[in-house]
Amino acid sequence: MLNRIFFSGLISAMLVASTAQAENVEIYLTDILDNTQDGYCVDIAGGKGAQADPANGLQGHTCYSPLGELLVDQIFDTEKFADGLLYMPEFDVCAQAASTEAGATLALADCDGSAAQSFVFSGEGTITPASATDMCFTVGEDTRSGRSDTNQIKALTLEVCDADSAAYQTWATRTE
């Protein structure tokens, strides 16, 4: 009886711990580059917030955290990182690479467990396809404006991981 109570308590504690570890975050580039606000985040291209269309894929975009909260088109679930997934819970989609070649775009699709959706990312550092760890999520050098000059956009593609490109390839997460 005592063992059953102990194990029941242990399982409950483990469930609480695993639930407490999962959180919604934005994935941001650690170097602010030319951004005029709070840097670049991985973002659904086109639209804003709940009006964003996952069919447009991913881009680098001014982070919304300066507004005081994260918007749904930049939110990822940290619990899925351990499974190799970049999961956007508000849209129920996962990031996927069009290919593992340089210049490949990053799309969003229903999560299916495919190799195209398997990434290596611990929440800090580079983001690479599990099948091609020499290729990194990379924002482009060119910047364009969105709705205003404060909304800055950069292409997001896979490129060869390179120490000289670290400013364009090093990512972290934050909740605000």
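Computed from phi, the 3J(HN,Hα) profile of the range 115-120 under the Karplus parametrisation 6.51, -1.76, 1.60 (θ = phi - 60°) reads 4, 5, 9, 9, 10, 10 Hz, with x in place of Gly and Pro. Against the set (i) 1.07; (ii) 1.00; (iii) 1.11, the structure's computed Cα Rg over 2.2 N^0.38 Å falls on (iii).
For Gly39, nonlocal amide neighbours, meaning residues 5 or more places apart or on other chains whose placed amide H falls under 5 Å from its own, are Cys63. In plain terms, the residue of Tyr40, Tyr87 with the fewest other Cβ atoms within 10 Å comes first and the most crowded comes last, giving Tyr87, Tyr40.
A helix-only calculation puts the chain at -4000 deg cm²/dmol for mean residue ellipticity at 222 nm, using -39500 (n - 2.57) for each DSSP H run of at least four residues, averaged over all residues. Among Val72, Val25, sorting on how many other beta-carbon atoms sit within 10 Å of each Cβ, with the fewest leading, yields Val72, Val25. Each of Thr133, Thr128 has some number of other Cβ atoms within 10 Å of its Cβ, and from fewest to most they run Thr133, Thr128.
When only C-alpha pairs under 8 Å and at least 6 residues apart count, what is the relative contact order of the chain, in percent? Once normalised by length, the contact order is 23 percent.
Computed from the coordinates by the stated procedures, all read-outs in this text should not be read as laboratory data. All figures in this text were calculated on a predicted structure; none of them were measured in a lab. Reconstructed Cβ throughout: ideal geometry from the backbone, glycine too, with neighbour counts over all protein chains shown.
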